[in-house]
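The values are calculated or read from the model by the stated rules, or taken from the named source; none is laboratory data. In this text the structure is predicted, and so the values were computed from the model without any measurement. Cβ: placed from backbone, ideal geometry, glycine included. Neighbour counts: every protein chain shown. Only protein heavy atoms, including side chains, enter the accessible area calculation; ligands, DNA and RNA are left aside. Shrake-Rupley method; radii C 1.70, N 1.55, O 1.52, S 1.80 Å.
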Amino acid sequence: MATSITTSIPRTFGNFNFFIRNTNSYMEEGTPKNSERLGIPIEIATSWKGIEKKWITAYDKYSDRYNLRTQAVNDELRAVIDEAHTFNAENHFLARIAISENATVTDLETFGIRNGTGQKQPRSIPQSPITSLVEVTLKPIGGGSVMVKCYSKGARASILDAADSVQYRFVVGATAPSSAEDPELDKEISTKASFVLPTGAEKIGMFLYVYFRWYNIKHPELAGPWSTLQSTIII
């Protein structure tokens, strides 16, 4: 059977913002770097980083919805997204990763690559409550957004085997919540171990306070314990 590989670069501003930042950050991680392990030539990795720099410049203006978000800025963002698509088509950027002998499931998920030859193995149904805590890194990325990476094992972000998502409760302000049960906290779920938490450009300079726990959407009664309070300033 022929291999079916699908690659996708997001077109919407929010999804592309996460994709371009996350893929560039990911390529720099590891020893050797993930870009080297996957066989991405230096010039291609450098060019991809250059697209990110153009994007950040325009997106920072876009994030200031009251003063700088204009039609010209919107057009600038669309032009950067078009450039990313053209770059990928001309340099086979994602295809190089898809066919790399060193590519892992995490690599393919990070770069939005789907391989049609394999079937997803069903997760086993957990029999007892989750006891593991979520390990988290928070990285402010500008425009009021924070990149979140959750770890279950090893050096790469991943969802715990007994879970299918991570649940988080958060609030933005100057005073830390008393516990994960504080009624002021918002509650959300992510099925991805790496994701962007947008708080809004108007929250720049304030603090994000957030708790995490491993969660199973089909079996919420098996949810893990809440992590200790995590916090970061919003930029």
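Going through region 196-213 one residue at a time, which ones are modelled with pLDDT under 95, under 18 Å from the mean Cα position of the chain (by Cα) and of a type outside the set (A, V, I, L, M)? Once the filter is applied, which keeps residues that are modelled with pLDDT under 95, under 18 Å from the mean Cα position of the chain (by Cα) and of a type outside the set (A, V, I, L, M), region 196-213 yields Pro198, Thr199, Gly200. Checking each residue in region 142-168 for being open to solvent by 30 Å² or more (accessible area, probe 1.4 Å) and under 19 Å from Ser231 (Cα atoms) picks out only Tyr151. A search for C-beta distances below 6 Å between a residue of region 189-218 that is farther than 13 Å from Leu138 by Cα and any residue that is at pLDDT 95 or above and among the aromatic types (Phe, Trp, Tyr), counting only pairs 6+ apart in sequence or on different chains, returns Arg213/Trp226. Counting only helices (runs of 4 or more DSSP H) that sit wholly inside region 5-69, those with at least 3 residues that are closer than 26 Å to Gly144 by Cα and in contact with a Leu (Cβ under 7 Å, 6 or more places away or on another chain) are 42-63. Residue count for region 214-235 under the criterion of being in a loop (DSSP other than H, G, I, E, B) and open to solvent by less than 30 Å² (accessible area, probe 1.4 Å): the result is 5.
For region 158-178, the set of residues classified as in contact (Cβ under 8 Å) with a residue 40 or more places away in the chain and of a type in the set (S, T, N, Q) consists of Ser158, Ser165, Gln167, listed by residue number. Of everything in region 19-61 that is of a type in the set (Ser, Thr, Tyr) and over 26 Å from Ala201 (Cα atoms), the residue that is modelled with the lowest pLDDT is Thr31. Taken over region 127-143, the criterion of being touching a residue at least 12 places away in the same chain (Cβ under 8 Å) and either farther than 18 Å from Ser190 by Cβ or among the hydroxyl-bearing types (Ser, Thr, Tyr) (or both) is satisfied by Ser128, Pro129, Thr131, Ser132, Thr137, Gly142, Gly143. Which one of these is modelled with pLDDT under 90 and in contact with a helix residue (DSSP H, G or I) (Cβ under 8 Å, 6 or more places away or on another chain): Arg114, Arg123? Answer to the selection: Arg114. Scanning region 34-59 for residues that are surrounded by 15 or more Cβ atoms within 10 Å (Cβ to Cβ) and touching a residue at least 60 places away in the same chain (Cβ under 8 Å), we see that the one that is farthest from Arg96 (Cα to Cα) is Tyr59.
Screening the candidates Thr137, Thr131 for the property of being farther than 13 Å from Gln230 by Cα and among the β-branched types (Val, Ile, Thr) yields one hit, Thr131. Of all residues in region 169-181, those being open to solvent by 20 Å² or more (accessible area, probe 1.4 Å) and either in contact with a strand residue (DSSP E or B) (Cβ under 7 Å, 6 or more places away or on another chain) or under 23 Å from His219 (Cβ atoms) (or both) number 7. Residues in region 23-33 that are of a type in the set (S, T, N, Q), open to solvent by 10 Å² or more (accessible area, probe 1.4 Å) and touching a helix residue (DSSP H, G or I) at 6+ places or on another chain (Cβ under 7 Å): there are none. Of the residues making up region 76-97, those that are open to solvent by 20 Å² or more (accessible area, probe 1.4 Å) and under 22 Å from the mean Cα position of the chain (by Cα) are Arg78, Asp82, Glu83, His85, Phe87, Asn88, Ala95, Arg96.
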